[in-house]
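Q: This is the structure I have questions about; it appears just below.
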Amino acid sequence: MSTPAGPLTAAAAITCATCRACCCRLEVILMGEDDPPAEFVATDQWGGQVMKRLDDGWCAAVDRVTMLCRIYERRPGVCREFAVGESECLTERMALHSST
């Protein structure tokens, strides 16, 4: 599989800086201690608080030029816990790159 940064050879080579925000297309349910800026919060169909997503599915907090999180210091816990290079990360990378 190839990425914009080159071939994916090992999980150790993956960093958030080279990832192009694959995980930022996932639904992020906000939990008790999460405190992102209100303009990035939406209410889902069941009344829960989630990170707002744009019409194309990307998180509204992602800077579309740099593909970096604009609220990195205030990002939700689930975003903090998403382990770069682990199986969930690799699955999302493959899904994103196979759809482009």
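Q: So Leu54 ticks every box in (1) touching a residue at least 12 places away in the same chain (Cβ under 8 Å); (2) out of contact with any helix residue (DSSP H, G or I) (no Cβ under 6 Å at 6 or more places or on another chain) but one. Which box is left unticked?
A: Looking at each condition in turn, Leu54 falls short on (1).
Q: Would you mind finding the one in Ala11, Ala17 that is at pLDDT below 70 and in contact with a Gly (Cβ under 8 Å, 6 or more places away or on another chain)?
A: Values: Ala17 fails: in contact with a Gly (Cβ under 8 Å, 6 or more places away or on another chain).
Residue meeting the stated conditions: Ala11.
Q: Quick one: what pairs do we get from the range 65-91, first residue in contact (Cβ under 8 Å) with a residue 12 or more places away in the chain, second of a type in the set (Lys, Arg) and part of a loop (DSSP other than H, G, I, E, B), C-beta under 9 Å, 6+ apart or different chains?
A: Hits for this filter: Met67/Arg20; Cys69/Arg75.
Q: Do you know which residues across the range 47-88 are part of a loop (DSSP other than H, G, I, E, B), of a type in the set (Val, Ile, Thr) and modelled with pLDDT of 90 or more? First the steps, then the outcome.
A: Quick first cut of the range 47-88, residues part of a loop (DSSP other than H, G, I, E, B) only: 47-48, 52, 54-58, 60-61, 63-68, 70-71, 75-76, 82-86.
This time we only want the ones that are of a type in the set (Val, Ile, Thr), so: 65-66, 71, 84.
Within the range 47-88, Ile71 is the sole residue that qualifies.
The values are calculated or read from the model by the stated rules, or taken from the named source; none is laboratory data. The model shown is predicted, which means the values in this text are computed figures rather than measured ones. In this analysis, Cβ positions are derived from the backbone assuming ideal geometry, glycine residues included, and neighbour counts consider all displayed protein chains.
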